[in-house]
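Structure first, commentary second.
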């Protein structure tokens, strides 16, 4: 069996004319991982996903999937990966089974082998009682399960998912993640997914955070939060820059101004709430104390909020 990492990216840079979509991205995903690529819209996720799914050739750098070079071994890679795109790929007028059958035929999965795999997937994904239903009669969550069944019918070693929770309600998102863990556990498949949802990224084994085309963080969600350290104070005020300067001058703190909020990462942040309110009660509208979140990680690495970048990326 191939012992190479499921995915290896080294020095990947990709541009669209003068616009740089990816800047020197380097990361590796081990087999059996559920790996998340988190970033706001415009952060580079879509371009990286297109390269990983062999829709775009790498311009600069090296990309290897399951030990194969993505710049030349397209056919070998495509036989071994499964892809679920953000945009629906199901024929709504066909049944669940018919949609999966057409996908299986493309990969040469036929006969008893097809029937066995179909039965396994339908049962595992909770679709057995929906096999004869037309897709147009299914909910968004059930359609997403059919997309997963299509992507898994040829038993890929690596499953690529682009924004898999798009259009799903919270309950369906939870179900989706339960199914992903089942797929990993029962079939040993490696899963790489893109997302702009912070709560979804928190469920991955490891996480790469993309911002403006650069990989700004890479680790487990817990380790990324721990690197921020302590607790976070978010102080809402009408004069953020002035308050930050006062906090720095009076107590030698290192506040960060993000939008109109003063943020402090401190090991004993809760002990500072009363002191700050007593000294600056006229300037402080509110203070929020929290443990570090993935957005705090993003702010620490980029200097601005997660959704600020998404807004800035829109034309």
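The values are calculated or read from the model by the stated rules, or taken from the named source; none is laboratory data. Fair warning: this is a prediction, and the values are worked out from it, not measured in the lab. Every residue, glycine as well, gets a Cβ built from its backbone with ideal geometry; the counts of neighbours run over all protein chains shown.
For the range 29-45, residues that are out of contact with any helix residue (DSSP H, G or I) (no Cβ under 7 Å at 6 or more places or on another chain) and surrounded by 17 or more Cβ atoms within 10 Å (Cβ to Cβ) total 6. Residues in the range 120-140 that are assigned to a helix (DSSP H, G or I) and touching a helix residue (DSSP H, G or I) at 6+ places or on another chain (Cβ under 8 Å): 121, 122, 124, 128, 130, 135, 140. Please work out which residue is nearest to residue 97 (Cα to Cα), limiting yourself to the range 119-137 and to residues that are surrounded by 14 or more Cβ atoms within 10 Å (Cβ to Cβ) and modelled with pLDDT of 95 or more. Step by step, filter the range 119-137, then rank; the result is 131. Each residue in the range 276-289 was checked for being loosely packed, with under 12 Cβ neighbours inside 10 Å and not in a helix (DSSP H, G or I), and 4 of them qualify.
Does at least one position in the range 104-117 carry a residue that is surrounded by 17 or more Cβ atoms within 10 Å (Cβ to Cβ), in the same structural domain as residue 65 (by TED's automatic domain parsing), at pLDDT 95 or above and in contact with a strand residue (DSSP E or B) (Cβ under 8 Å, 6 or more places away or on another chain)? Scanning the range 104-117, I find no residue that is surrounded by 17 or more Cβ atoms within 10 Å (Cβ to Cβ), in the same structural domain as residue 65 (by TED's automatic domain parsing), at pLDDT 95 or above and in contact with a strand residue (DSSP E or B) (Cβ under 8 Å, 6 or more places away or on another chain), so the answer is no. Among the strands (runs of 3 or more DSSP E) confined to the range 1-83, there are none with at least 2 residues that are closer than 24 Å to residue 104 by Cα and over 21 Å from the mean Cα position of the chain (by Cα).
Filter the range 84-103 down to the residues that are over 25 Å from the mean Cα position of the chain (by Cα) and not in a helix (DSSP H, G or I), then identify the one that is surrounded by the fewest Cβ atoms within 10 Å (Cβ to Cβ). Residue satisfying both the conditions and the ranking: 93. Is at least one residue of the range 255-264 touching a residue at least 12 places away in the same chain (Cβ under 8 Å) and more than 17 Å from residue 288 (Cα to Cα)? The answer is no, given that none of the residues of the range 255-264 is touching a residue at least 12 places away in the same chain (Cβ under 8 Å) and more than 17 Å from residue 288 (Cα to Cα). Is it the case, given these coordinates, that residue 158 is within 20 Å of the chain's Cα centre (by Cα) and at pLDDT 95 or above? Yes, satisfied. Of all the listed residues (264, 243, 253), the sole one being part of a helix (DSSP H, G or I), outside the structural domain of residue 14 (by TED's automatic domain parsing) and more than 20 Å from residue 148 (Cβ to Cβ) is 243. All conditions in (1) surrounded by 14 or more Cβ atoms within 10 Å (Cβ to Cβ); (2) over 26 Å from residue 40 (Cβ atoms) hold for residue 228, with the sole exception of (2).
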